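Visitor: First, the structure itself, so that you have it in front of you.
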């Protein structure tokens, strides 16, 4: 009983026809040529250097939490760039399309993007930045660092970890595909109802949006389970709850949010899926549907999701600030309590996203006060960082600069958030770009946290530091760009510019729009310095020590740099909060283990990447209503899961001699080193 | 704040014995977490059910009192609880290491599970045949979704039992098989719990409305 579509449909290709490929749009064709060229160069390089077996064995089939984390971050950075280009297009369109006399090119009446295309661009920008850039980067950092900080060998479920990565990647791949085959949603990243319903949006755009999010949110839920179980079950002996580093604590709180919030998003999207495919009436206008139910369900996930993203950066700053102030973190316990307070309050404020819905003063009053409460734990955190720096011996390395910038952004975003939490103010600026500027300050904290973390932990993962000089150029251009884009945006919001405008009707706003465009150009320069930083660092490869910054405090700086694939040759016994700082004070920080015992390691497996590929086929089949493809892919996933449960492979044993060899020559065990084929065990006793 | 202890002669820096983790308990813990996320899925659907069961959402169609039958639901409740009981017997047999006992318990649980799902299926099919299918009104949409989501979970549980029957015979009680049997027990019990909530919230409350 599926819904009747007006479009032509064939059993073999579903709704897919040659007309679905937008080859008449020069922007998309240009992007396609660029992406195809880069893709071909990468593929050709892999084949030319005969790296395909290496790539398959050491990366695509890996279950190593550090490699999975690195792949998460690469995915996130690629998507971050894509989302940035969307932002660039939006800003450029707005600066071109001001006033009735503004010229239009490429088929647009004003500017260069017709409304239909512009709507897809902002929808893609939001979806990509939050779900496919910020989320994977933070998931990747948690993956790499949490097991190291608690002295674990790996995540609790290495195989599930790989499944999470490849499901997220499948979602990201669908979004990228929507650029070249078909279209993307034009109903905003939140999915405006009933605009996203079939009668108003009969194309495949909303389906792309829906399935991409659905797949990746499944991956995020699994990842949350994995992180919680790892922290609860895999801590090294002596690592009591209150000896855990704050980054580990925030990953626990953020994963609890992820675990409980993402299923609600799953429900909201599934109900929409039923509306669009089966003809149910959840969010429709007639037949008793209630489209405000969707916006409630969406933000019941959506607001916790915001804290899901912002808490890891708080943890990152809590690691970086003490390291570069050479002092213990001020108020460790309050920092932990604040993280959980933020996570808890995050669950009870969702309706502040739609004060104007007409809930009445009682509910608005409740959600307003609940929202203001968030300021308390967040304020505690800011003061803790400041008191950590107070009278510290501060070195302004790139990570520290990012952390300080993060605190400023948090203040900016926080104070404007307090303004928005008052319904009276909210009514006047609702849906204006003031709101956009506010939440960009907040999500920039996430971006800034990501750049801080990448610079801070890069040497631990790869064995050499990122180039400091270009890193600081990157920092300053990025900071300047953020100011120049978003400060004018606050002003325009107060002037009354509403969000999502493909045509700006008031010519008086032109000067500030030009300022924003200048900021976007500065962002472009910062992207250049980011790439240059990576290039120069890869070229020079100045080796870093085990404790790369010399003042590290937590466990990850105790093992080798680059970190070996088995993490710690012998599991450390934890004696204090900030174990490495404690050992340093006692003159024990250079002591390495001398005798080794065999380590039980998990074997690589191809099942996760196959599940990822099949999930993508399932999504593609559903989007284009190619039922045979969706059915076959679903069946393949079920069969793969069942087949793996019959696999007797129980991992392999890394012998003491091998560990001794790796410990004397650490580059043999690094991230990029190739490992020999190991014979798996086929039986492990129950215990 | 914690005082900083000094290292002494008995300070231990490495702990080679720490590597053995209890894999069954780790897997069981992870499954509890999964069930928490599953509970949130049902929470979302229950909340939507509450929102979509006002007279406005009926769109002139039947409401809770017309589509549910508390007596028939009672039999379904007994059957699903019986299925959980049968699985508990399998768990007792697992403690005694009896393959035949585990297999028998699972088989009975499966048969009762299939009976339960068929009854639910029959209900939905009958409603559809009367012209009260899921596309009739928002209320029927969410009613069908609630029953079907629970039924889908039951179906997955039955498939899982089938696989476990094969694995018990092929592998015996290895750590993997034991962990899966324990997780399946939780899953099955959880689905029965959800059904009890459905029964009270939809069938009993709906019948009185």
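Visitor: Taking the stretch A:272-295 on its own, how many of its residues are within 9 Å of chain B (Cβ to nearest Cβ), buried (at least 24 other Cβ atoms within 10 Å of the Cβ) and part of a helix (DSSP H, G or I)?
Guide: The qualifying residues number 1.
Visitor: Residue A:555 passes all but one of (1) surrounded by 20 or more Cβ atoms within 10 Å (Cβ to Cβ); (2) within 25 Å of the chain's Cα centre (by Cα); (3) away from chain B (no Cβ under 14 Å); which number fails?
Guide: Every condition holds for residue A:555 apart from (3).
Visitor: Return yes when residue A:338 is within 14 Å of chain B (Cβ to nearest Cβ), in a helix (DSSP H, G or I) and without any contact (Cβ under 8 Å) to a residue 60 or more places away in the chain and no when it is not. Walk me through how you get there before you give the answer.
Guide: Values: within 14 Å of chain B (Cβ to nearest Cβ): no; in a helix (DSSP H, G or I): yes; without any contact (Cβ under 8 Å) to a residue 60 or more places away in the chain: yes.
Answer is no for this residue.
Visitor: Would you mind finding the one in B:108, B:92 that is surrounded by fewer than 21 Cβ atoms within 10 Å (Cβ to Cβ) and more than 22 Å from residue B:153 (Cα to Cα)? Let's see the steps before the verdict.
Guide: Values: B:108 fails: more than 22 Å from residue B:153 (Cα to Cα).
Just a single option satisfies the conditions, and that option is B:92.
Visitor: Determine which member of the set A:638, A:591 is free of Cβ contacts under 8 Å to residues at least 24 places away in the same chain, within 12 Å of chain B (Cβ to nearest Cβ), assigned to a helix (DSSP H, G or I) and surrounded by fewer than 19 Cβ atoms within 10 Å (Cβ to Cβ). Working first, answer last.
Guide: Details: A:591 fails: assigned to a helix (DSSP H, G or I).
Exactly one residue qualifies, and that residue is A:638.
Visitor: Of the numbered conditions (1) within 11 Å of chain B (Cβ to nearest Cβ); (2) under 30 Å from residue A:567 (Cβ atoms); (3) modelled with pLDDT of 95 or more, residue A:248 satisfies every one except a single condition; which is it?
Guide: (1)
Visitor: Further question: I'd like the full set of residues that are surrounded by fewer than 19 Cβ atoms within 10 Å (Cβ to Cβ), part of a loop (DSSP other than H, G, I, E, B) and within 11 Å of chain B (Cβ to nearest Cβ), limited to the stretch A:594-611.
Guide: Once the filter is applied, which keeps residues that are surrounded by fewer than 19 Cβ atoms within 10 Å (Cβ to Cβ), part of a loop (DSSP other than H, G, I, E, B) and within 11 Å of chain B (Cβ to nearest Cβ), the stretch A:594-611 yields A:594, A:595, A:597, A:598.
Visitor: When you look at residue A:309, is it farther than 24 Å from residue A:400 by Cβ and either more than 9 Å from chain B (Cβ to nearest Cβ) or in contact (Cβ under 8 Å) with a residue 60 or more places away in the chain (or both), yes or no? Lay out the reasoning, then the answer.
Guide: Numbers: farther than 24 Å from residue A:400 by Cβ: no; either more than 9 Å from chain B (Cβ to nearest Cβ) or in contact (Cβ under 8 Å) with a residue 60 or more places away in the chain (or both): yes.
Against the criterion (farther than 24 Å from residue A:400 by Cβ and either more than 9 Å from chain B (Cβ to nearest Cβ) or in contact (Cβ under 8 Å) with a residue 60 or more places away in the chain (or both)), residue A:309 does not qualify.
Visitor: Follow-up. Please verify whether the stretch A:322-330 includes one or more residues that are more than 14 Å from chain B (Cβ to nearest Cβ) and surrounded by fewer than 21 Cβ atoms within 10 Å (Cβ to Cβ).
Guide: First, pick out the residues of the stretch A:322-330 that are more than 14 Å from chain B (Cβ to nearest Cβ): A:323-326.
Imposing the further condition that a residue be surrounded by fewer than 21 Cβ atoms within 10 Å (Cβ to Cβ) reduces the set to A:326.
Looking for residues that are more than 14 Å from chain B (Cβ to nearest Cβ) and surrounded by fewer than 21 Cβ atoms within 10 Å (Cβ to Cβ), one finds at least one in the stretch A:322-330, hence yes.
Visitor: From the list B:140, B:181, B:146, B:152, exactly one residue is in a helix (DSSP H, G or I) and either more than 13 Å from chain A (Cβ to nearest Cβ) or surrounded by fewer than 19 Cβ atoms within 10 Å (Cβ to Cβ) (or both). Which is it?
Guide: On the way: B:140 fails: either more than 13 Å from chain A (Cβ to nearest Cβ) or surrounded by fewer than 19 Cβ atoms within 10 Å (Cβ to Cβ) (or both); B:181 fails: either more than 13 Å from chain A (Cβ to nearest Cβ) or surrounded by fewer than 19 Cβ atoms within 10 Å (Cβ to Cβ) (or both); B:146 fails: either more than 13 Å from chain A (Cβ to nearest Cβ) or surrounded by fewer than 19 Cβ atoms within 10 Å (Cβ to Cβ) (or both).
The conditions single out B:152.
Visitor: Separate question: So which residues in the stretch A:487-511 are surrounded by fewer than 19 Cβ atoms within 10 Å (Cβ to Cβ) and in a helix (DSSP H, G or I)?
Guide: Selection gives A:487, A:491, A:494, A:495, A:507, A:508, A:510, A:511.
Visitor: Moving to a separate point now. Would it be correct to say that residue B:46 is in a helix (DSSP H, G or I) and within 8 Å of chain A (Cβ to nearest Cβ)?
Guide: So residue B:46 does not fit the description; no.
Visitor: Those residues that are within 16 Å of residue A:347 (Cα to Cα) and in contact with a helix residue (DSSP H, G or I) (Cβ under 6 Å, 6 or more places away or on another chain), I need them from the stretch B:37-55; list them, please.
Guide: B:37, B:40, B:41, B:44
Visitor: Now, a different point. Scan the stretch A:9-18 for residues that are without any contact (Cβ under 8 Å) to a residue 40 or more places away in the chain and exposed (fewer than 10 other Cβ atoms within 10 Å of the Cβ) and report the count.
Guide: 1
Visitor: State yes or no: is residue A:449 buried (at least 20 other Cβ atoms within 10 Å of the Cβ), in a helix (DSSP H, G or I) and in contact with a strand residue (DSSP E or B) (Cβ under 6 Å, 6 or more places away or on another chain)?
Guide: On the way: buried (at least 20 other Cβ atoms within 10 Å of the Cβ): yes; in a helix (DSSP H, G or I): yes; in contact with a strand residue (DSSP E or B) (Cβ under 6 Å, 6 or more places away or on another chain): no.
So residue A:449 fails the test.
A quick yes/no check of all residues on (1) within 26 Å of the chain's Cα centre (by Cα); (2) within 30 Å of residue A:554 (Cα to Cα):
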site	(1), (2)
A:324	yes, yes
A:328	no, yes
A:336	yes, yes
A:354	yes, no
A:358	no, no
A:370	no, no
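Visitor: Are any of the residues in the stretch A:558-573 touching a helix residue (DSSP H, G or I) at 6+ places or on another chain (Cβ under 9 Å), part of a loop (DSSP other than H, G, I, E, B) and closer than 30 Å to residue A:6 by Cα?
Guide: Among the residues of the stretch A:558-573, not one is touching a helix residue (DSSP H, G or I) at 6+ places or on another chain (Cβ under 9 Å), part of a loop (DSSP other than H, G, I, E, B) and closer than 30 Å to residue A:6 by Cα, which makes the answer no.
Visitor: Does the stretch A:230-247 hold any residues that are surrounded by fewer than 24 Cβ atoms within 10 Å (Cβ to Cβ) and in a helix (DSSP H, G or I), and which are they?
Guide: A:232, A:233, A:241, A:242, A:243
Visitor: Just checking, does the stretch B:17-30 include any residue being at pLDDT 90 or above, exposed (fewer than 14 other Cβ atoms within 10 Å of the Cβ) and either within 20 Å of the chain's Cα centre (by Cα) or more than 7 Å from chain A (Cβ to nearest Cβ) (or both)?
Guide: Yes, that holds for at least one residue.
Visitor: Sort through A:165, A:141, A:106, A:113 and tell me the only one that's surrounded by 24 or more Cβ atoms within 10 Å (Cβ to Cβ), over 30 Å from residue A:229 (Cβ atoms) and away from every other protein chain (no Cβ under 14 Å).
Guide: When all the criteria are applied, what remains is A:113.
Visitor: What is the residue count in the stretch B:87-98 for residues that are in contact (Cβ under 8 Å) with a residue 40 or more places away in the chain and touching a helix residue (DSSP H, G or I) at 6+ places or on another chain (Cβ under 6 Å)? Quick ask: steps written out before the conclusion?
Guide: Residues of the stretch B:87-98 that are in contact (Cβ under 8 Å) with a residue 40 or more places away in the chain, as a first pass: B:87-88, B:90-91, B:94, B:97.
So of that shortlist, the ones also touching a helix residue (DSSP H, G or I) at 6+ places or on another chain (Cβ under 6 Å) come out as B:87, B:90-91, B:94.
Within the stretch B:87-98, residues that are in contact (Cβ under 8 Å) with a residue 40 or more places away in the chain and touching a helix residue (DSSP H, G or I) at 6+ places or on another chain (Cβ under 6 Å) number 4.
Visitor: Specify which of the listed residues (B:60, B:113, B:97) is outside any helix (DSSP H, G or I) and more than 10 Å from every other protein chain (Cβ to nearest Cβ).
Guide: Working: B:60 fails: more than 10 Å from every other protein chain (Cβ to nearest Cβ); B:113 fails: outside any helix (DSSP H, G or I).
Being outside any helix (DSSP H, G or I) and more than 10 Å from every other protein chain (Cβ to nearest Cβ) holds for just one of B:60, B:113, B:97, which is B:97.
Visitor: To continue, here is another question. If you take the residues in the stretch B:165-175 that are surrounded by fewer than 20 Cβ atoms within 10 Å (Cβ to Cβ) and under 16 Å from residue B:95 (Cα atoms), which one is farthest from the other protein chains (Cβ to nearest Cβ)?
Guide: B:172
Visitor: With the requirement that a residue be more than 8 Å from every other protein chain (Cβ to nearest Cβ) and either buried (at least 20 other Cβ atoms within 10 Å of the Cβ) or at pLDDT below 95 (or both), what does the stretch B:31-43 give you?
Guide: B:31, B:42
Visitor: Within the stretch B:63-76, does at least one residue satisfy the condition of being facing another protein chain (nearest Cβ under 7 Å) and either in a helix (DSSP H, G or I) or over 23 Å from residue A:242 (Cα atoms) (or both)? Reasoning before the result, please.
Guide: Taking the stretch B:63-76 as the starting set, the residues that turn out to be facing another protein chain (nearest Cβ under 7 Å) are none.
Scanning the stretch B:63-76, I find no residue that is facing another protein chain (nearest Cβ under 7 Å) and either in a helix (DSSP H, G or I) or over 23 Å from residue A:242 (Cα atoms) (or both), so the answer is no.
Visitor: So, residue A:128, is that one within 23 Å of residue A:184 (Cα to Cα), within 27 Å of the chain's Cα centre (by Cα), modelled with pLDDT of 95 or more and surrounded by 13 or more Cβ atoms within 10 Å (Cβ to Cβ) or not?
Guide: Details: within 23 Å of residue A:184 (Cα to Cα): yes; within 27 Å of the chain's Cα centre (by Cα): yes; modelled with pLDDT of 95 or more: yes; surrounded by 13 or more Cβ atoms within 10 Å (Cβ to Cβ): yes.
So residue A:128 fits the description; yes.
The values are calculated or read from the model by the stated rules, or taken from the named source; none is laboratory data. Given the structure is predicted, the values throughout are model-derived calculations rather than measurements. Glycine also receives a Cβ, built like all others from the backbone with ideal geometry; neighbour counts cover every protein chain displayed.
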